[in-house]
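As structure tokens, the structure follows; a few thoughts come after it.
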Ligand code: EPU
């Protein structure tokens with residue numbers, strides 16, 4: 001975690017060719033790993049991405065008394081038999097948004113929980129009122145203090161099933177509701193649930209351990225609480241955002257690449273926009289072949305909860321559309337202020353006006369971007385700037401690589417493997 005700060009030196013302008021492998025989905029692996037806290041029997045989790053947020057999660061779990069045996073680069077055995085609540089160290093919790101899942105998992109297993117206030121990528125305000133609503137509906141008393149969030153089951157050490165109707169679709173709140181309800185006494189219904197593939201993956205994992213969760217992937221999830229879970233072996237689904245990032249890169253640089261080991265269905269909204277831009281997309285079952293001449297038609301993208309276009313790819317597509325043949329519009333309905341990447345792109349010669357009150361960016365396509373020194377301010381902003389650097393004429397220096405590594409496994413090596421010209425240097 002205390003790795004030296006680095007930058008990427010990128011020489012842009014070369015088309016990408018070959019095959020690129022996609023790792024396990026960070027945003028599914030996080031709830032699945034925290035979900036292991038519900039289980040007194042060991043689980044083997046495979047296809048974990050080697051990224052900082054997963055390492056951090058394992059450190060938090062170890063501090064809570066969970067024993068973790070590394071099997072290989074992407075698999076671990078997790079034994080939470082001796083886990084204890086309220087041990088998550090504040091300095092680690094504050095480093096990552098996904099640590100909010102400690103709340104649901106500990107409440108579900110022990111009936112009480114306490115974590116420090118959350119951190120994570122700070123591109124927008126990220127309240128947890130819907131998480132608290134879910135816990136309250138399941139019979140917990142929640143206190144959200146200045147430094148810590150506490151929650152306790154009113155009836156001793158077990159929550160009771162209840163009806164949760166979310167005001168908005170929230171990935172994190174839906175995950176926490178599922179984690180809290182899996183071992184609760186009775187049936188829970190979650191309405192207006194998030195439908196992201198990460199939610200389905202969490203439910204599949206818990207069901208493989210003996211939970212009774214139905215409807216994940218739709219907006220109504222029904223959970224019949226069970227007394228305990230058994231161990232299992234489970235492989236995390238592929239990362240649709242990592243895959244979508246590579247698709248954006250190839251669309252922008254031009255080239256012919258097979259993005260492999262993915263579920264193309266998860267990328268329907270993304271591929272439909274690429275096709276609208278004039279890019280050739282071929283669904284190969286567990287891979288997508290993308291062919292692009294780097295000349296892109298302008299489009300209008302609205303990022304919204306799944307199955308709409310994902311907010312986590314909005315910045316990378318902002319980079320792509322900066323060289324579109326005309327005016328493109330991006331609207332982000334999930335995080336209105338997620339346009340921090342625009343400054344870096346404009347430094348590279350893009351012509352983008354972002355309005356963070358309205359959650360909108362107007363992009364006037366330019367002929368080409370020019371290499372520059374740019375700084376990524378969060379995970380996907382760094383990915384957007386790297387996308388732009390690969391597309392640009394000349395050399396760029398991209399910092400904020402620690403943020404990139406929170407969500408992209410071996411990204412430098414993977415990109416070199418398809419012909420990108422970049423190297424990592426210590427700052
Ligand atoms: N929201 C509330 N109240 C809540 C919870 C959310 O108002 O209690 C709002 C948020 O402010 C936002 C919207 O609801 O406007 C949706 O937020 P959501 O809860 O779905 O986001 P999250 O769970 O905090 C996860 C991902 C993010 C991804 C979003 C949206 C993880 C660990 N994080 O965050 O991933 O952007 O869903 O899909 O799964 C990333 O990977 O780069 C990343 C930021």
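Are there any helices (runs of 4 or more DSSP H) wholly within the stretch 354-427 with 2 or more residues that are in contact (Cβ under 8 Å) with a residue 24 or more places away in the chain and over 17 Å from the mean Cα position of the chain (by Cα), and if so which? Please lay out each step first, then the result.
Values: elements: 379-391, 401-404, 411-417.
So the answer is 379-391, 411-417.
Please work out which residue is nearest to residue 37 (Cα to Cα), limiting yourself to the stretch 214-228 and to residues that are in contact with a helix residue (DSSP H, G or I) (Cβ under 6 Å, 6 or more places away or on another chain) and surrounded by 24 or more Cβ atoms within 10 Å (Cβ to Cβ). Outline the logic, then answer.
Keep residues of the stretch 214-228 that are in contact with a helix residue (DSSP H, G or I) (Cβ under 6 Å, 6 or more places away or on another chain), which gives 216-217, 223.
Still in the running and surrounded by 24 or more Cβ atoms within 10 Å (Cβ to Cβ): 216, 223.
On the way: 216: 20, 223: 18 Å.
Among those residues, the one meeting the criterion is 223.
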Just to check your reading of the model, which residue among 136, 174, 188, 182 is in the same structural domain as residue 57 (by TED's automatic domain parsing) and surrounded by fewer than 19 Cβ atoms within 10 Å (Cβ to Cβ)?
136
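Test residue 69 against the criterion of being in a helix (DSSP H, G or I), closer than 20 Å to residue 230 by Cα and away from the ligand (no atom under 16 Å from the Cβ), and give yes or no.
no
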Identify all residues within the stretch 35-54 that are assigned to a helix (DSSP H, G or I) and within 15 Å of the chain's Cα centre (by Cα); write none if there are none.
52, 53, 54
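Does residue 321 meet the test of being more than 26 Å from the chain's Cα centre (by Cα) and in the same structural domain as residue 18 (by TED's automatic domain parsing)? Steps first, please.
Numbers: more than 26 Å from the chain's Cα centre (by Cα): no; in the same structural domain as residue 18 (by TED's automatic domain parsing): yes.
Spelling it out, it is not the case that residue 321 is more than 26 Å from the chain's Cα centre (by Cα) and in the same structural domain as residue 18 (by TED's automatic domain parsing).
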Residue 56 passes all but one of (1) crowded, with 24+ Cβ neighbours inside 10 Å; (2) within 13 Å of the ligand (Cβ to nearest atom); which number fails?
(1)
Would a scan of the stretch 284-299 turn up a residue that is surrounded by 18 or more Cβ atoms within 10 Å (Cβ to Cβ), farther than 24 Å from residue 393 by Cα and touching a helix residue (DSSP H, G or I) at 6+ places or on another chain (Cβ under 9 Å)?
yes
By my count, strands (runs of 3 or more DSSP E) wholly in the stretch 254-351 with at least 1 residues that are in contact (Cβ under 8 Å) with a residue 60 or more places away in the chain and over 25 Å from residue 17 (Cβ atoms) are none
Right, residue 142: more than 23 Å from residue 27 (Cβ to Cβ), in contact with a helix residue (DSSP H, G or I) (Cβ under 9 Å, 6 or more places away or on another chain) and at pLDDT 90 or above or not?
yes
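The values are calculated or read from the model by the stated rules, or taken from the named source; none is laboratory data. Here the structure is a predicted model, which is why all the values come from computation and not from measurement. Here Cβ is always computed from backbone atoms with ideal geometry, including for glycine, and neighbour counts include all displayed protein chains.
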